[in-house]
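K.L.:
Pasting a structure below so you can have a look.
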Protein chains: 2
Amino acid sequence: MTSRAVGTRRVEILRAAAELFAARGFHGVSIEELGRAVGTSGPALYRHFPGKESLLAAMLLDVSERLAAGGRERVAAAADPREALESLLRGHIAFALGEPALITVHDRELDNVPEPERRRIRRLQRGYVEEWVRVLAQLRADGRPELLRATVHATFGLLNSTPHSADEVPGEQMAELLLDMGGAALLAGG
Amino acid sequence: MTSRAVGTRRVEILRAAAELFAARGFHGVSIEELGRAVGTSGPALYRHFPGKESLLAAMLLDVSERLAAGGRERVAAAADPREALESLLRGHIAFALGEPALITVHDRELDNVPEPERRRIRRLQRGYVEEWVRVLAQLRADGRPELLRATVHATFGLLNSTPHSADEVPGEQMAELLLDMGGAALLAGG
DNA sequence: CGCGCCTGTTAATGGTCGCTAACATGGTCG
DNA sequence: CGACCATGTTAGCGACCATTAACAGGCGCG
């Protein structure tokens, strides 16, 4: 059996790994389990990634890039700061609700990424945060930059908590709730 | 050398373990490391806990009990719902800022607690959440219970995110910021 | 004084893990 | 058609890990 398209396996592995890492943590999942989750067994993974850590690195790099790029586009497309902030919120909420496993791994497992890539991921994350901070600064004359940054981080905590409260609330309502709460939190204080 | 007071070692171990588990995750910390962190080496831990998992269980049980008891007391001592909610917020914020490692482990490592204790911890957590929900319900005619519960969970995400954004903002200001953001988030939506 | 408990030590054990080696297979293409 | 490359397989290696065994010192109490 030869694979369908190039890179299909790779993507399959990353998706399965995200679920497992989110559920039991990077160190709580073995290579053998990762293999079994995609129908192969164990060491077949090494045909696609040089090691377990590289797999995590690829995953977090992809997430960070998608978030950062999405943020940039949304801000660029917005007519004014108010609209930009709402668009950022909607984008992040869609991501958190749509790919809860990725969001979870993204803010728990950075420390397990080896050094060359960790720096790149951090840079991307910082860029994403600064996107929010710049927009927020235009809406609030008051805040010093560190305070705005802390505000944004706390808001991410709010938005990213969704996966952990395995929900009885349907996605559409949850999105609305998070939009309201996130907006209120961002504009509070000062 | 005989220890100062009874249970001193036990507490020392729990404190050190909280830091290590928060930093690298339950599976990322070895017994040997836990021992070294309190000046003994490795297997000495088994004089105080029957195993690694029991250690985690004791830690999470203690946190859950303190949060739940604190919540109960604060609500009982409050004159009205508005005051109760503010007191709950202040209490949780003080905990999150004062013991960031415990808060982190508390909402990441429950799955690694073995079954008899896990249920008890969950029960305590649920009780704490319901304390918040009852208060919130008195302040907001609108919300259905699941929505209020989701609101409270999201607010916890906001408050508990503090440890991860290792901060440039001093504690007192951070507490104020979280109070404002948390309050706004809780009363938003609907 | 001496016995026992509390608390610690080092050595060993059995299991698991990440990773490598050696080998197999099947489709692509010169 | 036959060599190559991509993608698997199983077996094995060395490291590490949680836990247990065997042993030791010191303090409190009879």
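The values are calculated or read from the model by the stated rules, or taken from the named source; none is laboratory data. Everything numeric in this text was worked out from a predicted model, so none of it was measured. Note that each Cβ is placed from the backbone with ideal geometry, even for glycine, and that neighbours are counted across all protein chains shown.
K.L.:
Within region A:96-112, can one find any residue that is modelled with pLDDT of 95 or more, in a helix (DSSP H, G or I) and touching an Asp or Glu at 6+ places or on another chain (Cβ under 8 Å)?
P.N.:
yes
K.L.:
Which of (1) touching a residue at least 24 places away in the same chain (Cβ under 8 Å); (2) surrounded by 15 or more Cβ atoms within 10 Å (Cβ to Cβ) is the odd one out, the single condition residue B:82 does not satisfy?
P.N.:
(2)
K.L.:
When you go through A:159, A:179, A:186, A:139 one by one, which is the residue that is at the interface with chain B (Cβ under 9 Å from one of its Cβ atoms) and in contact with a Lys or Arg (Cβ under 7 Å, 6 or more places away or on another chain)?
P.N.:
Testing whether each residue is at the interface with chain B (Cβ under 9 Å from one of its Cβ atoms) and in contact with a Lys or Arg (Cβ under 7 Å, 6 or more places away or on another chain) leaves just A:179.
One line per residue, one yes/no per condition, for (1) surrounded by fewer than 19 Cβ atoms within 10 Å (Cβ to Cβ); (2) away from chain B (no Cβ under 11 Å):
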position: A:94; (1), (2): yes, yes
position: A:98; (1), (2): yes, yes
position: A:135; (1), (2): no, yes
position: A:152; (1), (2): no, no
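K.L.:
Still on this structure, I have one more. Does region A:34-41 contain at least one residue that is within 12 Å of DNA strand D (Cβ to nearest atom), away from chain B (no Cβ under 14 Å) and in contact with a Gly (Cβ under 6 Å, 6 or more places away or on another chain)?
P.N.:
yes
K.L.:
Now, a different point. For region B:49-67, check the following and say yes or no: at least one residue is buried (at least 20 other Cβ atoms within 10 Å of the Cβ), within 14 Å of chain A (Cβ to nearest Cβ), touching an Asp or Glu at 6+ places or on another chain (Cβ under 7 Å) and under 21 Å from residue B:117 (Cβ atoms).
P.N.:
There is at least one residue in region B:49-67 that is buried (at least 20 other Cβ atoms within 10 Å of the Cβ), within 14 Å of chain A (Cβ to nearest Cβ), touching an Asp or Glu at 6+ places or on another chain (Cβ under 7 Å) and under 21 Å from residue B:117 (Cβ atoms).
K.L.:
Within region A:119-129, work out how many residues are within 14 Å of another protein chain (Cβ to nearest Cβ) and not hydroxyl-bearing (Ser, Thr, Tyr).
P.N.:
Here the count works out to 4.
K.L.:
Within region A:114-138, take every residue that is within 15 Å of the chain's Cα centre (by Cα) and among the β-branched types (Val, Ile, Thr) and give me the one that is farthest from residue A:65 (Cα to Cα).
P.N.:
Once the filter is applied, the top-ranked residue is A:129.
K.L.:
Here is a list of conditions, (1) outside any helix (DSSP H, G or I); (2) surrounded by 19 or more Cβ atoms within 10 Å (Cβ to Cβ), and residue A:131 meets all of them except one; can you say which number that is?
P.N.:
Exception for residue A:131: condition (1).
K.L.:
Let me spell it out: the conditions are (1) out of contact with any helix residue (DSSP H, G or I) (no Cβ under 7 Å at 6 or more places or on another chain); (2) within 19 Å of residue A:158 (Cβ to Cβ); (3) within 16 Å of DNA strand C (Cβ to nearest atom), and residue A:51 meets all of them except one. Which number is the exception?
P.N.:
With (1) out of contact with any helix residue (DSSP H, G or I) (no Cβ under 7 Å at 6 or more places or on another chain); (2) within 19 Å of residue A:158 (Cβ to Cβ); (3) within 16 Å of DNA strand C (Cβ to nearest atom) applied to residue A:51, the lone miss is (2).
Conditions tested, residue by residue: (1) closer than 25 Å to residue B:123 by Cβ; (2) within 11 Å of DNA strand C (Cβ to nearest atom); (3) part of a loop (DSSP other than H, G, I, E, B).
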site: B:17; (1), (2), (3): yes, no, no
site: B:22; (1), (2), (3): yes, no, no
site: B:33; (1), (2), (3): no, no, no
site: B:39; (1), (2), (3): no, yes, yes
site: B:43; (1), (2), (3): no, yes, no
site: B:58; (1), (2), (3): yes, no, no
site: B:64; (1), (2), (3): yes, no, no
site: B:68; (1), (2), (3): yes, no, no
site: B:73; (1), (2), (3): yes, no, no
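K.L.:
Quick test for you: out of A:14, A:89, pick the one residue that is more than 14 Å from every other protein chain (Cβ to nearest Cβ), surrounded by 14 or more Cβ atoms within 10 Å (Cβ to Cβ), farther than 26 Å from residue B:29 by Cβ and out of contact with any strand residue (DSSP E or B) (no Cβ under 7 Å at 6 or more places or on another chain).
P.N.:
So the residue among A:14, A:89 that is more than 14 Å from every other protein chain (Cβ to nearest Cβ), surrounded by 14 or more Cβ atoms within 10 Å (Cβ to Cβ), farther than 26 Å from residue B:29 by Cβ and out of contact with any strand residue (DSSP E or B) (no Cβ under 7 Å at 6 or more places or on another chain) is A:14.
K.L.:
Please identify the pairs in which a residue from region B:27-51 that is farther than 26 Å from residue A:108 by Cα has its Cβ atom under 9 Å from the Cβ atom of a residue that is more than 6 Å from DNA strand C (Cβ to nearest atom) and polar (S, T, N, Q), counting only partners at least 6 apart or on another chain.
P.N.:
From residues that are farther than 26 Å from residue A:108 by Cα, the pairs are B:42/B:30.
K.L.:
Looking only at region A:165-176, which residues are out of contact with any helix residue (DSSP H, G or I) (no Cβ under 6 Å at 6 or more places or on another chain) and crowded, with 19+ Cβ neighbours inside 10 Å?
P.N.:
A:174
K.L.:
Across region A:138-188, what is the number of residues that are part of a loop (DSSP other than H, G, I, E, B) and among the polar types (S, T, N, Q)?
P.N.:
Counting residues in region A:138-188 that are part of a loop (DSSP other than H, G, I, E, B) and among the polar types (S, T, N, Q) gives 2.
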